[in-house]
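Laboratory data are not the source of any read-out in this text; all were calculated from the coordinates shown. All values derive from a computational prediction rather than experimental measurement. Quick reminder, even Gly has a Cβ in these numbers, built from the backbone with ideal geometry, and neighbours come from all protein chains shown.
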Amino acid sequence: MSESINYGGIFDLEVKEEELAVLEKQSADPDLWNDQEKAQALLKKIGSLRDLLNRWNEVSVGCDDLAELYEMAKAEESAELEESINSDFISLEKKVAEMEIRKMLDGPDDACTALLSIHPGAGGTESQDWALMLYRMYVRFLERENMDFRVVEVQDGDEAGLKSATIEVNSEFAYGLLRSEIGVHRLVRISPFDANARRHTSFCAVYLYPVHEDIQFELDMSEVRVDTYRSSGAGGQYINKTDSAVRMTHLPTGIVASCQTERSQIQNRETALKMLKTMVAEHYRQEEEAKRADRMADKKKVEWGSQIRSYVLHPYQMVKDLRTGVETSDTGGVLDGKLKAFMEAYLLSTSEG
């Protein structure tokens, strides 16, 4: 520990400081608030950069302090002081690791808030129950991480589980962190719905859409079917049971956006329209990328063959990410929202490419 460790380079601190200075100068423009959305986006970016630099300064000071304490501990041969230093060092390593993860969230959409949508595959009650398990897993993860979110739509299954669920995650870098979840999730277990207690395999697809505050996309409303219905779903405290729920279907693509969170049908309609615009814009953007590249190497649109993670509850306990190889026997913990290890490994694997 006596050697100086320089983490500064990996965070491009000088570049970040210069960027912050430019943005702060722009924020002083008296005409800035003529465009409120642009102004808010600018202030949000300034806050993010300040937070990054403040955390780096905290880590840097911590490193210097630990280096001094380490020299003192060697001189005094104090076991108690060494134990305290080791504890502080572990805490410091954790902070650096968190900053490294944030550094990897540098994709064009990574800083965006996001819409996370869960849809069961074929299999009726089995896959719909699996959708409910995934929904609860993501809600618990978001709660664990103190992320700002709201459930905008949950549709009950025919007998149990869910037909669909959509969660709006409003924390910064939500898309970057959650993009590891895009794909098909497979569950293997003894079915609680099978009187013969046979083993079943179920599938669910998880979609993620980046939400851009300045999205430049107009929907042709003649291509949108609007339905109203009574709210339902196992959303618990997050769902209002009213007659004002709104479902919008974009007929050319079949994309559906629903909202049942608000008590006013007008508010639900506005939210559903915003969601539909985000989803359809992302769909067409992916199509354009596919045409240009002739393939989608980092594919965001989910196909049923693109399984990303396997959750086995019988005959053994194992959750395994099929892309990174990360696995754990703590299936209960994973289904209770302990997902960081999978997310971090995915970010590391994609950044190396």
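Rg/Rh for the chain: what does it come to with C-alpha atoms and Rh from Kirkwood?
1.02
Round to the nearest 10 and give me the degree value, 0 to 90, for the angle of helix 340-352's Cα axis relative to the longest principal axis of the chain.
80 degrees
Over 27 Å between Cα atoms, which of Lys103/Lys340; Lys38/Lys103; Lys277/Lys338; Lys44/Lys103; Lys103/Lys338 qualify?
Lys277/Lys338
Over all alpha-carbon pairs of region 83-164, lay out the pair-distance distribution in 10 Å bins, whole %, shortest bin first.
Histogram of Cα-Cα distances, whole percents per bin: 15, 29, 26, 18, 10, 2.
With only Lys, Arg, Asp and Glu charged, each at its Cβ (+1 for the first two, -1 for the last two), find how big the charge dipole of region 168-223 is about the Cα centre; round to the nearest 20 debye.
900 debye
What does the charge dipole of the chain about its Cα centre add up to, to the nearest 20 debye, if the Cβ of each Lys and Arg holds +1 and the Cβ of each Asp and Glu holds -1?
Charge dipole of the chain: 2120 debye, to the nearest 20.
For the charge dipole of the chain, defined by +1 on Lys and Arg C-beta atoms and -1 on Asp and Glu C-beta atoms about the Cα centroid, which residue among Leu142, Leu251, Ser27 has the Cα displaced farthest towards the positive pole?
Comparing the listed Cα positions along the dipole, Leu251 ranks first.
Helix 13-27 versus the longest principal axis of the chain: what is the Cα-based angle in degrees, 0 to 90, to the nearest 10?
Taking Cα atoms only, the helix is inclined about 60 degrees.
Quick one: if you take sqrt(5λ) for each eigenvalue of the C-alpha gyration tensor of region 12-158, what semi-axes come out, biggest first, whole angstrom?
For region 12-158, the semi-axes come out at 40, 30, 11 Å.
Return the calculated 222 nm mean residue ellipticity for the chain, to the nearest 500 deg cm²/dmol, obtained by summing -39500 (n - 2.57) across DSSP H runs with n ≥ 4 and dividing by the residue count.
-15000 deg cm²/dmol, from helical runs alone.
Can you give the angle from 0 to 90° between the axis of helix 79-104 and the longest principal axis of the chain, with both taken from C-alpha atoms, to the nearest 10?
That works out to roughly 50 degrees.
Which residue, Gly123, Gly337, Gly183, tops the fluctuation ranking in a GNM of the chain built on C-alpha contacts under 10 Å?
The residue that fluctuates most here is Gly123.
Using +1 at the C-beta of Lys and Arg and -1 at the C-beta of Asp and Glu, which of Leu13, Ser180, Ile46 has the Cα lying farthest in the positive direction of the dipole of the chain?
Comparing the listed Cα positions along the dipole, Ser180 ranks first.
Can you list the HN-Hα couplings for region 156-168, worked out from phi with the Karplus curve (6.51, -1.76, 1.60; θ = phi - 60°), rounded to whole Hz and with x for Gly and Pro?
Per residue, the Karplus-derived 3J(HN,Hα) values read 4, x, 5, 10, 7, x, 10, 8, 5, 7, 9, 10, 9 Hz.
Give a residue-ordered list of calculated ³J(HN,Hα) values for region 182-195 (Karplus: 6.51 cos²θ - 1.76 cosθ + 1.60, θ = phi - 60°; whole Hz; x for Gly, Pro).
My calculation for region 182-195 gives 5, x, 9, 10, 10, 10, 10, 7, 6, 6, x, 9, 9, 4 Hz in order.
Region 51-139: which chymotrypsin sites (Phe, Trp or Tyr not before Pro) are DSSP loop and have at most 14 other beta-carbon atoms within 10 angstrom?
Sparse-neighbourhood loop chymotrypsin sites (Phe, Trp or Tyr not before Pro): none present.
In whole Hz, with x marking every Gly and Pro, tabulate ³J(HN,Hα) for region 125-136 from phi via Karplus 6.51 cos²θ - 1.76 cosθ + 1.60, θ = phi - 60°.
Taking θ as phi minus 60°, the curve returns 4, 4, 6, 5, 5, 5, 4, 5, 4, 5, 4, 5 Hz for region 125-136.
Most exposed first by the Cβ proxy, i.e. fewest other Cβ within 10 Å, how do Ser202, Ser244, Ser310 rank?
Listing Ser202, Ser244, Ser310 from fewest to most nearby Cβ atoms yields Ser310, Ser244, Ser202.
Of the GluC sites (Glu not before Pro) in region 79-171, which ones lie in a loop per DSSP and count no more than 11 other C-beta atoms within 10 Å?
Glu159
So for region 8-104, averaging the separation of alpha carbon pairs under 8 Å that are six or more residues apart and normalising by length, what relative contact order in percent results?
Relative contact order comes out at 28 percent.
When only Cα pairs under 8 Å and 6 or more residues apart are kept, what is the percent relative contact order across the chain?
So the answer I get is 15 percent.
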